[in-house]
Amino acid sequence: MTPTAQPTHRAAAAALALPFRAAPVVATVTLLLTVVAGVAPAGGAWLTMLLVDELTAGTASTGRVVLLAVAGAAVGGLAIALLYVGGHLGEVLQQRVTLTVESALFHRVSTLPGMRHLEDPAFHDRLRLAERAAQDAPATISQFAQELIRSAVLLTSFTGALLVVWPPMVLLLAASVVTAVFARLATARRETATEETWVATDRRRLFYRALLTDVRAGKEIRLFGLGPLLHTRMVDSLRSTSRARLVVARRSTVVQSLLALLGAGVTGVGTVVVAVNVVHGGSSVGDLVLFLGAVAGVQTGLSGVVLQLGEASRALRLFGHYLDVLQTGDDLTTGTALPARLATIELRDVWFRYRDDGPWVLRGVDLTIPAGAAVGIVGVNGAGKSTLVKLLCRFHDPDRGTITWNGTDIRELDLAALRARISVAFQDFMTYDLSAAENVGLGWVDRIGDRPRIVAAARSAEIADKIEALPDGYDTMLSRTYGDEDHPGVVLSGGQWQRVALARCLMRAEAELLVLDEPTAGLDAEGEHRVHATLTRHAAGRTRLLVSHRMAALRAADLVVTLAGGRIVEQGSHDELMDADGEYARLFRLQAGGYQDARVATGDGEAT
């Protein structure tokens, strides 16, 4: 996938600013404690040196020895206490930052106006990396910044000691640190590249894992014996990503081991020089103790910084994906004009395809949907019916041509106001793991707590009796996954779910355009008849677009349109199209032929 275009310094600045935006007081206190924690070890080392020199001077004062011992213990205890307090504050800060970044990330995703980004696999890969970065990067970068500050204070404190005891040691440590920094940055780049390369495979692993626990997929998985196949693919995906990560980790281990040996060699050289100097009387035993403490403190601080430097570098590169998602441009623009009520909708020379290099799904569609009329759309699978619905809802814009609402291009209309005038029962409707009332009420989210309105919509969709008979009525959870012992969830049949989806559509009482995409596909003949009668009453005065494979459901439509190959090949009333003997008549006779039976009597009692 394409690497993030965010500059590293910009990502670093944004990540470091997050804690102070999420919890300014906690972040400031944590920073101050970090500075104090950096000074404490150096103070303890100086006190230890003074104590050793006092004890080895031959004229030790009991009071001074006690004072130095107590002071050293106090500083050590303070350092430990600050460590625990800082750890707790760091946890608080991490939780606040995680909440902030997760909220910002999915707010952006939820406010994308169209569907183009959500239908793009590359965007999902970026989103996966962004989600991982949102969870890990701010804490990692903040911890690195704190470690850097603490180590800087500690190094400043100890550098003086090294300069006093043996100045060349500072240069040796600096050389080893520079080597470690470059090596760790190179490792971090490899780790990040691995994450970016294998993110799609990892997403597939999560897909297979979700299928294995999905109640809706459970029936087919068990009937067709898909469990071993899905399990194997999940494990293979995990094995592939794990293998790639282990290769990078193995290289990192080798590099870190060599750097540790380099550090040990530098320490050994310095220790030998200072120890020999003590033997020859050039330094005191306290100087040696201070030197060893300083070297240990410097190496501990530097090793911590170097180790976190790699994590921070990797986190920064991933955090760039988070910033990319936040800055993802809208795939649709919104106008400012308000849509007219009960409008005539016109499509003029509409062309559309989902990718710039993909096939055309709609090719020069011209269609007028009169205000208040019922228009039927018929065609074989792939003819472009569902795409036409998406364009009317303005999930996408046409690549060519225009769609107008009472003469105004819908791109000039306020997007939220336009969609508020439309209600759709989608063929691929959602089954939410929520209560029955919420599953219906989501159709008009501003009235989701309006129980009378929810009940009325359920009655219109012929599902109210079934909901009222559930264990908790409208409060019953329509999911076995999220039910509990006291309030077990219930799973509806396919036809019952379709009526719930239809009720959701009918919740939006202000909608002037009703789009019904196969609204009765899962219903029996009696249920289909009742629903169509209800829709005729409920939709009186509204514009209706009926998409169905059941030709009989479209006979009463004011206008029937036949789509084929992305084009409108004919339109007219049912009788006109039957007389024309074209595609519509062919499909109607083909479907009607399945119902022909000599034993079916006509109205006058004669057999057909």
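Contact annotation: residue pairs with Cβ atoms under 8 Å, 6 or more positions apart or on different chains, pairing a residue in the stretch 224-252 that is touching a residue at least 24 places away in the same chain (Cβ under 8 Å) and on the phi < 0 side of the Ramachandran plot with a partner that is acidic (D, E) and surrounded by 15 or more Cβ atoms within 10 Å (Cβ to Cβ), are S237/D202; T241/D202; R245/E191; V248/E191; S252/E191. Can you report the number of residues in the stretch 43-91 which are aliphatic (A, V, I, L, M) and either in contact with a His (Cβ under 6 Å, 6 or more places away or on another chain) or touching a residue at least 12 places away in the same chain (Cβ under 8 Å) (or both)? The total comes to 17.
The rows are residues; the columns are (1) at pLDDT 80 or above; (2) exposed (fewer than 15 other Cβ atoms within 10 Å of the Cβ); (3) not hydroxyl-bearing (S, T, Y).
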site: F207; (1), (2), (3): yes, yes, yes
site: V235; (1), (2), (3): yes, yes, yes
site: S252; (1), (2), (3): no, no, no
site: V273; (1), (2), (3): no, no, yes
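Counting only strands (runs of 3 or more DSSP E) wholly contained in the stretch 363-464, the ones carrying 2 or more residues that are touching a Cys at 6+ places or on another chain (Cβ under 8 Å) and of a type in the set (G, A, S) occupy 422-425.
Here's the yes/no breakdown for (1) charged (D, E, K, R); (2) at pLDDT 90 or above; (3) more than 23 Å from A457 (Cβ to Cβ); (4) surrounded by fewer than 21 Cβ atoms within 10 Å (Cβ to Cβ):
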site	(1), (2), (3), (4)
R504	yes, yes, no, no
L516	no, no, no, no
G527	no, no, no, yes
L545	no, yes, no, no
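When R447, R459, R451 are screened for being over 23 Å from P519 (Cβ atoms) and at pLDDT 85 or above, only R451 passes. Tell me, which residue of the stretch 427-444 that is within 19 Å of L516 (Cα to Cα) and among the hydrophobic types (A, V, I, L, M, F, W, C) is nearest to the chain's Cα centre (by Cα)? That would be M430. Taking the conditions (1) buried (at least 19 other Cβ atoms within 10 Å of the Cβ); (2) at negative phi in turn, G384 satisfies each one other than (2).
Within the stretch 465-481, residues that are closer than 24 Å to G218 by Cβ have Cβ atoms under 9 Å from residues that are assigned to a loop (DSSP other than H, G, I, E, B) and of a type in the set (F, W, Y) in these pairs: L478/Y432; S479/Y432, counting only partners at least 6 apart in sequence or on another chain.
The values are calculated or read from the model by the stated rules, or taken from the named source; none is laboratory data. Values in this document were obtained by computation on a predicted structure and should not be read as measured data. Positions of Cβ are generated from backbone atoms using ideal geometry, with glycine treated the same way; all protein chains shown enter the neighbour counts.
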